[in-house]
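The values are calculated or read from the model by the stated rules, or taken from the named source; none is laboratory data. Worth saying up front: this structure is predicted, and the values here are computed from it rather than measured. We place every Cβ from the backbone using ideal geometry, glycine too, and count neighbours over all the protein chains shown.
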């Protein structure tokens, strides 16, 4: 794999993460010698060493002088709450291959919290899609998407859905999307979801509620998202304001 880009260091890091993922290297597994890895990635040993320094600072690898380089822990999927990025992209960024599995799709009666956000009644059926986001076939994220009656979600082409909900909704509306409002909390994994994430009921997980709005401040969709905390980490950067 030859790398030709000005973001060479990031490309080499991504290549290393992909190598770790594709070869299923777990904790304490040893990476091949530097010369071999540099040849695989098509990069110089100097750039490779820079990537090693970066990955070691992130806790992904550990280098032992005179012995070799070892996996400290499989790379975490890191999602930033500051900026929006599709699930597929954040999964690919750390070397995993994203896949999407739809559990169910169709009309259903919403719970009270969903109807409050969507601005419907609990008696009014709305379109709901339940899906799992996989990273190398490991369940990483469970998602329930509920759609406002202003969009005919049943007519969307779910067969070509690549995980970018914003793009899918934007193509279905005559108006532009404006913002996503999200809240995050720690919660005990419900029994009805535990089977999909392959975690025990009650396991502490991160849960996010996200609402997408149009420029007219109309709700388009409301999502309940559960992250497998074993492999997903959520990050946020906040600016310190001084008087």
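Under 20 Å from residue 96 (Cβ atoms), surrounded by 14 or more Cβ atoms within 10 Å (Cβ to Cβ) and either at pLDDT below 85 or in contact with a strand residue (DSSP E or B) (Cβ under 7 Å, 6 or more places away or on another chain) (or both): does that describe residue 3? Steps first, please.
Values: under 20 Å from residue 96 (Cβ atoms): yes; surrounded by 14 or more Cβ atoms within 10 Å (Cβ to Cβ): yes; either at pLDDT below 85 or in contact with a strand residue (DSSP E or B) (Cβ under 7 Å, 6 or more places away or on another chain) (or both): yes.
Here the answer is yes, as residue 3 does meet what is asked.
Residue 85 meets each of the listed conditions (1) outside the structural domain of residue 98 (by TED's automatic domain parsing); (2) in contact with a strand residue (DSSP E or B) (Cβ under 8 Å, 6 or more places away or on another chain) apart from (1). Scanning the stretch 171-202 for residues that are exposed (fewer than 15 other Cβ atoms within 10 Å of the Cβ) and under 14 Å from residue 140 (Cβ atoms) turns up just one, 198.
Annotation: residue 51 fulfils all but one of (1) at pLDDT 85 or above; (2) in contact with a strand residue (DSSP E or B) (Cβ under 8 Å, 6 or more places away or on another chain); the unmet one is (2).
When residue 32 is tested against (1) loosely packed, with under 15 Cβ neighbours inside 10 Å; (2) out of contact with any strand residue (DSSP E or B) (no Cβ under 9 Å at 6 or more places or on another chain); (3) on the phi < 0 side of the Ramachandran plot, only condition (2) is not met.
Residue 63 satisfies every condition listed in (1) touching a strand residue (DSSP E or B) at 6+ places or on another chain (Cβ under 8 Å); (2) more than 19 Å from residue 230 (Cα to Cα); (3) surrounded by 15 or more Cβ atoms within 10 Å (Cβ to Cβ); (4) not assigned by TED's automatic domain parsing to the domain that holds residue 34 except (4).
Please work out if residue 226 is in contact with a strand residue (DSSP E or B) (Cβ under 7 Å, 6 or more places away or on another chain), within 18 Å of residue 77 (Cβ to Cβ) and crowded, with 18+ Cβ neighbours inside 10 Å. Yes: the conditions hold for residue 226.
Contact map, the stretch 153-177: residues that are free of Cβ contacts under 8 Å to residues at least 12 places away in the same chain paired with residues that are surrounded by 15 or more Cβ atoms within 10 Å (Cβ to Cβ) and not in a helix (DSSP H, G or I), Cβ distance under 6 Å, separation 6+ or inter-chain. Pairs shown: 170/177.
Residue 163 is checked against (1) modelled with pLDDT of 80 or more; (2) surrounded by 13 or more Cβ atoms within 10 Å (Cβ to Cβ); (3) on the phi > 0 side of the Ramachandran plot and fails just one. What number does that condition carry? Looking at each condition in turn, residue 163 falls short on (1).
The residues on offer are 136, 83, 79, and the sole one that is buried (at least 20 other Cβ atoms within 10 Å of the Cβ), modelled with pLDDT under 90 and within 30 Å of residue 55 (Cβ to Cβ) is 79.
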